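What follows is one structure encoded as structure tokens, with my remarks underneath.
The values are calculated or read from the model by the stated rules, or taken from the named source; none is laboratory data. None of these values were measured; they are calculated from a predicted model. Note that each Cβ is placed from the backbone with ideal geometry, even for glycine, and that neighbours are counted across all protein chains shown.
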Amino acid sequence: MLRLSLAGACCLALTVVAGCGGARPAVPDAATGNVAEWTGGSLSLADFQAAYDAAEAGSGDASMTPAARRADFLERYVSFRLKVQAARQAGYDRDSSYRAEVEQYRNQLAGPYFMDREVLDAIIRDIYDKQAEQVEVSHVLLRLDPYALDTAAVYQRAIEIRDSVRAGHYSFATAAERYSTDPSATRAGGPGYRGALGWITGGQTVLPFENAAYQTPVGQIGGPVRTQFGVHLVQVTGRRAAPGEVRAAHILIRPDGPTPADTAAARDEILALRARVAAGEDFGTLARQFSEDPGSGAQGGDLGFFGGGRMVPEFERAAFALQTPGEVSDVVQTRFGVHIVQLTERRGRPSYEDQYESLKTLAQRLPQTALRRRALGRQYRESTGGRYDEALVREAIFALPADSAQAVLSRRGFGDLGGRVFTTVGDSSYTLGRLAGQLARTRATGDPRPAMLQAAQAWADEQAVTMAVAGLETRDPEFARIFRNYGDGVLYFRIAEDSVWTRARDDAQGLRAHYDANPGAYRWPDRRRVLAFRSPGDSVLTAVGAALDAGTPPADVLARFSAPRFGLALDTVYLSDSTRTAIDATLSLAPGQRTDVLAERSRLAVYLFDGIEPARVKTFDEARAEVISSYQDALERRWEARLRERYRARTYPERLPALTAAP
């Protein structure tokens, strides 16, 4: 089979590198630390181990001992390195299409790699660690414009409220009801009433609030702490270990109106459904039929697994109180309506690895992700000796009229200040003129200039991130290894395609000679010959089956129903083993027997077992794909032998047992 697919990384490329031995001279001084040497290169123990670990033993035979697998991988990996070296010496790496392909891959890889490794991983780990606990919190919120420059008065007011609570003048709940600007603080019976937010865990609130909650001891008040919503005081009233996760289903009935009578009617309806479950009816069937939760109702009420803090408190308490799978709760009333909950499964807290992808999805939506990205940009700018001139930016922005700042920027930019450099990253400089167009699009209520000031900082930080990503391989050895291996893999595939794969495909004389030199190597086993009658309609196939049962020869059956209106087709299929399709029904038949009408993708079929096709040698045309693949292998082995001789390659597998991380 012609191997033209580009696997990319060298660990994947190695799966097509054949093993190769060869005579080995006396082992040189072990102090060199090399397990292979060749003209123009060598392979150290450490580099071999890194490649072996990355490839996870490549395509080694699982029946081999660990030492044998390492030795086999050594031979294949050295062959790979020699081919890459040959490609470089032949100039493949100077080809413009190669450079474009590798650069495109780098651009596709670097941004996500930076986000995963340098931005998201730390956030995901922080969330996971915090989710080992839940914290019960209340808060007082004092609104503050996110772009406000003067915050002293609001902070002072928060401190006064905090000190009054600590002095016993009033409770924290009273302070929240009196002074909090969170609308929920005065809504009796709802979440947030008198400041009580209930139990939270990692990833559920903005980071400054979350950190304050986790850092404040039970019974104490943390803050003031600023978020994009304003300034908060945070009271911690409880702390508990995370209860793991439950999988549950529910049925929801929504009251028809706001009156107590409406709620009572909904309650009667849900109680009737609970009685039907208790009498043995299936919970999922009733949920699909009656639940008024459109999301879960169609799934039989299934909500999947969830941990603490994911559901409203009343629902969560009911779900976690259930102990036995299949157990159904009493009626639960929430702001959504009335529910009954059935426990499906309980499990402990998932491992970090198991939860990584879901936490990554969560982290990507959190505000702290963008903030951390910007912070890394600032760190990179500082590490290169760059600067951000906030005073200059402030001067330029506040020289604009408050009531028409965007219009002025759009019309004439920053005027005489436009040529001034306001930030640098390494050797790159950015002028206020480049910033003007960005800030002209700023949207804010009232005076836009404070928002412009923050937008300017964010834009400068993002330019620094772009530069950090552009130089990633100089700072991150793992990224450099991945990028280098991809380039090597492309070189390998290109030179192998020219030296082996295309040559094997197009060498008609060589293919025929290879086929003739291996008589009997390409064979059909005993196969079951099956006649497949296919049609869109079952009535035609029912008639076909009746005709076959009456002894009508298959060719005559086809002729009888040959008119286009029948849509009947007859194909011969040879089976040597299960195909995991409908035709497998013939495996249990005796010659001359047929199947009933069976569904086959978008058509229907009747299969007749017509007898055994004896094993035989394949013709050249029948074996062509196998011959090409085998011929490629032979050409590749010869190529590898020439390269080993050309570069005087030597391998020392007897040093491999010194590796400490062998599987």
Exercise for the section: Check ALA599, ALA605 and return the single one that is of a type in the set (A, V, I, L, M, F, W, C) and modelled with pLDDT under 95. Expected result: ALA599
Exercise for the section: Would you kindly identify the helices (runs of 4 or more DSSP H) lying entirely within the stretch 252-321 that contain at least 3 residues that are modelled with pLDDT of 95 or more? Expected result: 260-278, 283-290
Completion exercise
The correct count of residues that are more than 30 Å from LEU322 (Cα to Cα) and either hydroxyl-bearing (Ser, Thr, Tyr) or not assigned by TED's automatic domain parsing to the domain that holds GLU177 (or both) in the stretch 218-247 is 1
Problem - Single unsatisfied condition, ARG580 versus (1) of a type outside the set (A, V, I, L, M); (2) assigned by TED's automatic domain parsing to the domain that holds GLY537; (3) surrounded by 15 or more Cβ atoms within 10 Å (Cβ to Cβ) - result: (3)
Practice task
Name the helices (runs of 4 or more DSSP H) wholly inside the stretch 464-546 in which the number of residues that are over 30 Å from THR619 (Cβ atoms) and free of Cβ contacts under 8 Å to residues at least 60 places away in the same chain is 2 or more.
Solution key: 472-475, 477-496
Exercise for the section: Exactly one condition in (1) out of contact with any helix residue (DSSP H, G or I) (no Cβ under 6 Å at 6 or more places or on another chain); (2) at pLDDT below 95; (3) over 30 Å from GLY426 (Cβ atoms) is not met by LEU371; state its number. Expected result: (3)
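The rows are residues; the columns are (1) touching a Phe, Trp or Tyr at 6+ places or on another chain (Cβ under 7 Å); (2) of a type in the set (Val, Ile, Thr); (3) in a helix (DSSP H, G or I); (4) loosely packed, with under 13 Cβ neighbours inside 10 Å.
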{"position": "GLU353", "(1), (2), (3), (4)": "no, no, yes, yes"}
{"position": "THR361", "(1), (2), (3), (4)": "no, yes, yes, yes"}
{"position": "ALA370", "(1), (2), (3), (4)": "no, no, yes, no"}
{"position": "ALA375", "(1), (2), (3), (4)": "no, no, yes, no"}
{"position": "GLN379", "(1), (2), (3), (4)": "no, no, yes, no"}
{"position": "GLU382", "(1), (2), (3), (4)": "no, no, yes, no"}
{"position": "LEU392", "(1), (2), (3), (4)": "yes, no, yes, no"}
Exercise for the section: Could you check PHE566 against (1) exposed (fewer than 15 other Cβ atoms within 10 Å of the Cβ); (2) free of Cβ contacts under 8 Å to residues at least 60 places away in the same chain; (3) among the aromatic types (Phe, Trp, Tyr) and say which number it fails? Expected result: (1)
Completion exercise
Checked GLN215, GLN228 against criteria (under 18 Å from LEU144 (Cβ atoms) and surrounded by fewer than 16 Cβ atoms within 10 Å (Cβ to Cβ)); the one match is GLN228
Exercise for the section: Within the stretch 415-439, work out how many residues are modelled with pLDDT of 95 or more and part of a loop (DSSP other than H, G, I, E, B). Expected result: 1
Exercise for the section: Just give me the residues in the stretch 147-170 being surrounded by 14 or more Cβ atoms within 10 Å (Cβ to Cβ) and of a type outside the set (A, V, I, L, M, F, W, C), in sequence order. Expected result: TYR147, THR151, TYR155, ARG157, ARG162, SER164, TYR170
